[in-house]
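What follows is a single structure, written as structure tokens, with notes after it.
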2 protein chains.
Amino acid sequence: MTDNNSGFSDTKQEIMQATYDAIQQHGYAGLTIQSIADNFGKSKAALHYHYDTKEDILAAFLNYLLSEFRETIQIDEDSSPEQQLLDLVDVLLYGPDNSSSEEIFQMQTALLEIQSQSPHKQLYRDQFTQIYHWLGNLFVEIINNGIAENVFRDVNAHLTAQHLLLIIVGGILNRHTTNSEMSPDQIREIVTAQFLPYLKK
Amino acid sequence: MTDNNSGFSDTKQEIMQATYDAIQQHGYAGLTIQSIADNFGKSKAALHYHYDTKEDILAAFLNYLLSEFRETIQIDEDSSPEQQLLDLVDVLLYGPDNSSSEEIFQMQTALLEIQSQSPHKQLYRDQFTQIYHWLGNLFVEIINNGIAENVFRDVNAHLTAQHLLLIIVGGILNRHTTNSEMSPDQIREIVTAQFLPYLKK
């Protein structure tokens, strides 16, 4: 998160990093403008110069996460379509290579809480729509490559991409909101043992 | 919701019905003890005699929903395993026969909001655990019947049941939190066009 190719100014990039840190420290429920300002190293007023409300900051943060995804997640053109699909699934379930499982768990919890407010908060809803749309398109692209290379069956790529996305987001929802202790490994097993055999020729 | 076989006393049953109505009218965000008391037709004090907090009422409400599910959802032993599976999927996506799509939409939204607080509220978490557990077991039973009748492949029934559950809850999450307009019909199509062909012999 040191580069700045995302279209965010340096200051806004710093605020987004401060928001990221504040979510890690306090979770969504404990997140306040003050906690973000503390991580930003400036006053609440300095923060309000850029964003009116916590909702504005979090909508910008979702947009920032999407731009981070875009920079981080690169499809390895030398891999097989199956490997490309699994690489993308793994980064969604386990985070980028340098992230701890606790860090990812906390961030997923916070994102779920923000997402659950989307029915009533259009700013969030719009951002989640973009994130889902971008992920769905990536999956569609990989699936179409696999069909063209004759290693995947001739499926409806859009429906198949949605199917995979629902397994992942449903699994994350289940994991964070029940005592069932569904692990990322179990979600991955549904993908490898049930979804992929359906897709592969 | 007129019978009382659920182990709830008549008064508690009335409070649960009042909670159901209040959620329909105000959604989760607008839900207050007062709005439940209004539907209950008694004072807030009368409500507090039975439940200390809104959290207590909602945890009892989740438990009530599960007991309603248990009474409403009966597997038709004369149907094929495939039809039994689809009947259960349909009641989860579209609600019981007499419910309007708007009513189901509002209830699903409220449940998602309650569910999203489960990481921090053990009372909710325990109830959602029971609901998922009960649904998962129903799916496992149907899948095992299908395997025994030789119409389903010899799959890992538990993993397959989880897979189906994730498609449904992931689909409901997607539908309510993005502008993608994923409909119950589309979620059902993923089940019929992709999940079932994997399962069927």
Some residue of the stretch B:134-145 being facing another protein chain (nearest Cβ under 9 Å), buried (at least 20 other Cβ atoms within 10 Å of the Cβ) and on the phi < 0 side of the Ramachandran plot: no
Yes/no for A:S116 being out of contact with any Leu (no Cβ under 8 Å at 6 or more places or on another chain), at pLDDT below 95 and either facing chain B (nearest Cβ under 8 Å) or surrounded by fewer than 22 Cβ atoms within 10 Å (Cβ to Cβ) (or both): no
Residue within the stretch A:165-182 that is exposed (fewer than 15 other Cβ atoms within 10 Å of the Cβ), within 11 Å of chain B (Cβ to nearest Cβ) and in contact with a strand residue (DSSP E or B) (Cβ under 9 Å, 6 or more places away or on another chain) present: no
Yes/no for A:L111 being within 22 Å of A:E77 (Cβ to Cβ) and not hydroxyl-bearing (S, T, Y): no
Residue count for the stretch A:85-102, restricted to those that are more than 18 Å from A:D21 (Cβ to Cβ), charged (D, E, K, R) and either part of a helix (DSSP H, G or I) or outside the structural domain of A:E189 (by TED's automatic domain parsing) (or both): 2
Failed item in (1) more than 7 Å from chain A (Cβ to nearest Cβ); (2) hydrophobic (A, V, I, L, M, F, W, C); (3) within 26 Å of B:G30 (Cα to Cα), with B:F128 passing the rest: (1)
Residue, surrounded by the fewest Cβ atoms within 10 Å (Cβ to Cβ), within the stretch B:30-58, restricted to residues that are part of a helix (DSSP H, G or I) and without any contact (Cβ under 8 Å) to a residue 12 or more places away in the chain: B:A45
Pairs where the first residue, in the stretch B:176-197, is touching a residue at least 12 places away in the same chain (Cβ under 8 Å) and the second is not in a helix (DSSP H, G or I) and not hydrophobic (A, V, I, L, M, F, W, C), C-beta under 6 Å, 6+ apart: B:H176/A:P119; B:T177/A:S118
Condition met for B:R125 (in contact with a helix residue (DSSP H, G or I) (Cβ under 8 Å, 6 or more places away or on another chain), at pLDDT 95 or above, buried (at least 17 other Cβ atoms within 10 Å of the Cβ) and not hydrophobic (A, V, I, L, M, F, W, C)): yes
Residue in the stretch B:69-81 that is closer than 30 Å to A:W134 by Cβ, under 12 Å from the mean Cα position of the chain (by Cα), more than 10 Å from every other protein chain (Cβ to nearest Cβ) and without any contact (Cβ under 8 Å) to a residue 40 or more places away in the chain present: no
Sole exception among (1) over 28 Å from A:L112 (Cβ atoms); (2) among the hydrophobic types (A, V, I, L, M, F, W, C); (3) at the interface with another protein chain (Cβ under 10 Å from one of its Cβ atoms) for B:F152, by number: (3)
Given (1) closer than 24 Å to B:L135 by Cα; (2) of a type outside the set (G, A, S); (3) at the interface with another protein chain (Cβ under 10 Å from one of its Cβ atoms), number of the condition A:Q122 does not satisfy: (1)
Filtered residue count, the stretch A:108-120, keeping only those that are farther than 18 Å from A:Y20 by Cβ and assigned to a helix (DSSP H, G or I): 0
Test set (1) at pLDDT below 90; (2) in the same structural domain as A:E14 (by TED's automatic domain parsing) - A:D38 fails condition number: (1)
Residue under evaluation A:S100, criteria (1) touching a residue at least 12 places away in the same chain (Cβ under 8 Å); (2) under 18 Å from A:S183 (Cβ atoms); (3) not charged (D, E, K, R), criterion not met: (1)
Count of the stretch B:82-103 residues which are among the β-branched types (V, I, T) and more than 14 Å from chain A (Cβ to nearest Cβ): 1
Candidates B:Y28, B:Y64, B:Y51 - the one that is aromatic (F, W, Y) and under 17 Å from B:T109 (Cα atoms): B:Y28
Residue check, A:I75 more than 30 Å from A:F152 (Cβ to Cβ) and touching a Leu at 6+ places or on another chain (Cβ under 8 Å): no
Every residue from the stretch A:141-170 that is among the β-branched types (V, I, T) and under 17 Å from the mean Cα position of the chain (by Cα): A:I167, A:I168, A:V169
Exclusive hit being assigned to a helix (DSSP H, G or I), farther than 28 Å from A:E189 by Cβ and out of contact with any Leu (no Cβ under 7 Å at 6 or more places or on another chain), set A:F105, A:F69, A:F61: A:F61
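The values are calculated or read from the model by the stated rules, or taken from the named source; none is laboratory data. None of these values were measured; they are calculated from a predicted model. FYI the Cβ positions are ideal-geometry reconstructions off the backbone, even for glycines, and counts take in every protein chain you see.
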